[in-house]
Amino acid sequence: DAGVTQSPTHLIKTRGQQVTLRCSPKSGHDTVSWYQQALGQGPQFIFQYYEEEERQRGNFPDRFSGHQFPNYSSELNVNALLLGDSALYLCASSLRGSGQRSGNTIYFGEGSWLTVV
Amino acid sequence: SQQGEEDPQALSIQEGENATMNCSYKTSINNLQWYRQNSGRGLVHLILIRSNEREKHSGRLRVTLDTSKKSSSLLITASRAADTASYFCAPPAGAGSYQLTFGKGTKLSVIP
């Protein structure tokens, strides 16, 4: 049973460029969330996708966008990269949601390390 | 706003000892999850505890939840060097929210 898989594992981008990160949820899961974790900090919620729609969004600018495909996999896109976007980007999957609304177990992937230079 | 806050920020113990980490949160929750993170890696799910549960066990892990005090604790018994990691509690952000909130975690070092 494959867990949450993310790609790429590491990448380096130049300020102003755009990046796309990819995520495949755990088998049987239909909900994908994205989190950003800066060095020495806890993960911060970016947004959650369910039924190919963005269901909830955290305090991140519009430069951060996403997509969920019919097979439940997801992409995170970040435009106009800033040095401060350097972080570990974590994808999390669950069945029908998470948090207070559903209380289901949430599984995380190994993350994608993004360095902006 | 809701955020899990772990205490202590760092903990260093000898192999074989028990490690206790505490978590406080601000608003009412119906569940809380604990995670482990090895340096530079993803989060590993440890335990989910619901508001109607006071204690839950998984192997050498014991999690308690006191909703009246808005606190939770994670106990690791007979610690091993492989338990060295950061540990996070993750309460939901609040009513109507799908997101989890995280503090800075407790960094546990187990010395062989």
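A few notes on this one:
- Virtual spin-label span in nm between A:Glu53 and B:Gln9, 7 Å along Cα→Cβ: 4.2 nm
- Cα-Cα over 26 Å, subset of A:Lys13/B:Lys26; B:Lys56/B:Lys104; A:Lys26/B:Lys69: A:Lys13/B:Lys26; A:Lys26/B:Lys69
- Antiparallel content of DSSP bridges confined to the stretch A:5-116, in %, to 5: 90 percent
- Virtual spin-label span in nm between B:Thr27 and A:Ser27, 7 Å along Cα→Cβ: 3.7 nm
- With one equal scatterer per alpha carbon and no solvent term, the Debye-computed log10 I(q)/I(0) for chain A at 0.17, 0.23 1/Å reads -0.76, -1.36.
- Using only alpha carbons, the stretch B:1-41 has a radius of gyration to Kirkwood radius ratio (Rg to Rh) of 1.02.
- When the square roots of the Cα gyration tensor eigenvalues are ordered a ≥ b ≥ c, the ratio a/c for the protein assembly as shown is 1.5 or more and a/b exceeds b/c, which makes its shape prolate.
- Under a Gaussian network description of chain A, with springs only between Cα atoms under 10 Å, the residue in A:Gln37, A:Gln17, A:Gln68 that fluctuates furthest is A:Gln17.
- Residues losing 10 Å² or more accessible surface upon assembly, the stretch A:19-50, compared with the chain by itself, 1.4 Å: A:Tyr35, A:Gln37, A:Gly40, A:Gln41, A:Gly42, A:Pro43, A:Gln44, A:Phe45, A:Gln48
- Per residue, the Cα convex hull of the stretch B:5-111 amounts to 90 Å³.
- Accessible surface of A:His10, taken over heavy atoms with a 1.4 Å probe and every protein chain present, rounds to 130 Å².
- Using the Cβ of B:Asp66 as centre and a radius below 12 Å, the other residues enclosed give a net charge of +1, where K and R count +1 and D and E count -1.
- Between the stretch A:26-61 and the stretch B:1-66, the alpha-carbon center distance in angstrom: 21 Å
- Percent accessible area from carbon and sulfur atoms, the protein assembly as shown, protein chains only, probe 1.4 Å: 46 percent
- Over all Cα atoms in the stretch B:63-112, the spread is summed up by Rg and Dmax: 13.7, 45 Å.
- Accessible area per residue for the protein assembly as shown is 46 Å², calculated with a 1.4 Å probe on protein heavy atoms, without ligands, DNA or RNA.
- Excluding ligands, DNA and RNA and using a 1.4 Å probe, chains B and A jointly bury around 2300 Å² of accessible surface, summed across both partners.
- With every protein chain in place and a 1.4 angstrom probe, the accessible-area ranking of B:Thr67, A:Thr31, largest first, reads B:Thr67, A:Thr31.
The values are calculated or read from the model by the stated rules, or taken from the named source; none is laboratory data. Bear in mind the structure is a predicted one, so any value in this text is a computation, not a measurement. Quick reminder, even Gly has a Cβ in these numbers, built from the backbone with ideal geometry, and neighbours come from all protein chains shown. Note: areas computed on protein heavy atoms with side chains; ligands, DNA, RNA excluded. Shrake-Rupley method; radii C 1.70, N 1.55, O 1.52, S 1.80 Å.
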